[in-house]
Amino acid sequence: MSDTDRPSYEPSDAGTFPPEPVAKLSAAQRLVKVFYAPGEVFEDIKAKPTWVLALVAYVLVVTLTSLVVWTNMDFEASTREAIETFGFEIPDEVLDQQIESAEKRWFVKPVLTGVIVTPILLVIAAALFFLSMKMVGSDIGFLATYSTMLHAYWPGKAVYSILLAIMAQTQGPVTEMGLITLLKSSVAGFLAEGSSMVAVTVGSFFDAFRIWGVVLLVIGLSIVGRVNRGKSTFAALVPWILAIVISAGLAFLPSLFTS
């Protein structure tokens, strides 16, 4: 028997493992394509998570929108509104000083909110979604969760921020509290005037743009985390419900001072 006729006993690896997925989209393409082809974007994130450009875009949108909105802010009405909410009694001269300070340093709060507070809150939210995914048995990593979350919430946040900036400029001076109901995209926007802060706060979560983000997050976590839609829905909703409960509790606190 010749050597060529002898059977080979060498192990063959051909076809044993599927090829590793390769990312095809750039970070910039993902931010655009997630508006109309989110499934393709999340499949790409599964191959290689990216987050730097998404975070920068998110922070820029929040910061720039806040700056535009605050150029048309009624600082006196906002200050008086906040004081009345907490039921404090402040001498007129102190109140005037606070209003004057707010008018001079109007840019501080939107910049701090956009550049510092927003990134911190996003990391906390991603950590909660990561833990929720672990609870349902996913092997997703934290960076993959973070990338999925940023891209899921990006479309709704971008559109909402642009519309809010336009409305704030066209509707005349606004107050901080008034911003919550300025866009009629949430339940809060249709509540009767004088509704409690708890009702307004909870209603603001049931917003078309927030729900858009939650739906995309469910899709994204399912694809990137390799779990079924039921499990990804659980992972997406648990932190969202927790945020509603905490926000409602904080909104209820002022009533303790006025009762």
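Convex hull volume of the C-alpha atoms in region 123-201, normalised per residue: 125 Å³.
As a length-normalised measure over Cα pairs under 8 Å and 6 or more apart, the relative contact order of region 195-254 settles at 49 percent.
Against the empirical 2.2 N^0.38 Å scaling, what ratio does the C-alpha Rg of region 166-223 come to?
Numbers: Rg = 13.8 Å, N = 58, 2.2 N^0.38 = 10.3 Å.
Normalised by 2.2 N^0.38 Å, the Cα Rg of region 166-223 equals 1.34.
How long are the three semi-axes of the equivalent ellipsoid for region 194-259, computed from the Cα gyration tensor as the root of 5 times each eigenvalue, in whole Å, largest first? Display every interim value, and only then the final one.
On the way: eigenvalues 197, 28, 7 Å².
Whole-Å semi-axes of the equivalent ellipsoid: 31, 12, 6.
Coordinate-derived values only; no laboratory data. Computed from a predicted model, the values in this text were never measured in an experiment.
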